[in-house]
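First up is the structure itself, then whatever we jot down about it.
The values are calculated or read from the model by the stated rules, or taken from the named source; none is laboratory data. Just so we're clear, the structure is a prediction, and the values are computed from it rather than from any experiment. Every residue, glycine among them, receives a Cβ derived from its backbone with ideal geometry; neighbour counts consider all protein chains shown. Ligands, DNA and RNA are excluded from the accessible area calculation, which covers all protein heavy atoms including side chains. Shrake-Rupley method; radii C 1.70, N 1.55, O 1.52, S 1.80 Å.
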Amino acid sequence: MDPRAVQISATAEQLEAIVYDAKGLVPAIAQDAESGQVLMMAWMNRESLQMTLAEGRMVYWSRSRAELWRKGDTSGDRQFVREAWYDCDGDTLLFKVVQEGRGACHTGAVSCFFRAFGDS
C-alpha cells in the first residue's frame, strides 16, 4: 500500500448507518487533507465504499459507465485516503485525501469547483 494511504477500520454499525439512494448510491466528497479545498464529488455504492476503506485509495461508482473506478487508474491523478467521515444523516460521505498528479477534475483543474456564481 502507498504510504500516503490509510486503511480505515469501520465497524459494522458504522457501515449500516450509511443511507443509500434508490439506486444504491451515496454522494462522496473528496477534500484535500492539507488545504481543506473541496476537490470533487462523486458517487459510491457499498462495494466502492468498502474497497476505499480497505485499500486506502478512492474507489467510486461511475453512473455513466455503470462500473467501479479507482480514481487515477487511467489519469495518474490518484487519491489516497487520510480520513473518512459520514454526516449526521448518514447520507453523505467525506474523505480527506492526498491528491496525486494534476488534480481531481477531469478537465485538468485541481478542483472540480472552479466556477463561481455571480461576479466573483
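Restricting the count to DSSP beta bridges whose residues both fall in the chain, what percent are antiparallel, rounded to a multiple of 5? Write down the numbers at each step before the final one.
Details: 19 of 24 bridges.
If we restrict to bridges inside the chain, about 80 percent are antiparallel.
Running a GNM on the chain with Cα contacts under 10 Å, which residue among G72, G56, G108 ends up with the highest mean-square fluctuation?
G108
Compute the distance in nm between two label points, each set 7 Å from the Cα along the Cα-to-Cβ direction, one at D89 and one at A10.
With each label point 7 Å from Cα toward Cβ, the separation is 1.8 nm.
Residues in the range 68-82, backbone N under 17 Å from the label point at E47 (7 Å along the Cα-to-beta-carbon vector): list them, ranges by number please.
68-71
For the range 1-112, what size does the Cα cloud have along each of its three principal axes, sorted from largest down, in whole Å?
For the range 1-112, the Cα spread along each principal axis is 35, 30, 24 Å.
Just to confirm, what accessible area per residue do you get for the range 10-117 at 1.4 Å probe, in whole Å²?
57
Carbon and sulfur: what percent of the chain's accessible surface (1.4 Å probe)? Walk me through the intermediate numbers first.
Details: 3690 of 7250 Å².
Solvent-exposed carbon and sulfur of the chain make up 51 percent of the total.
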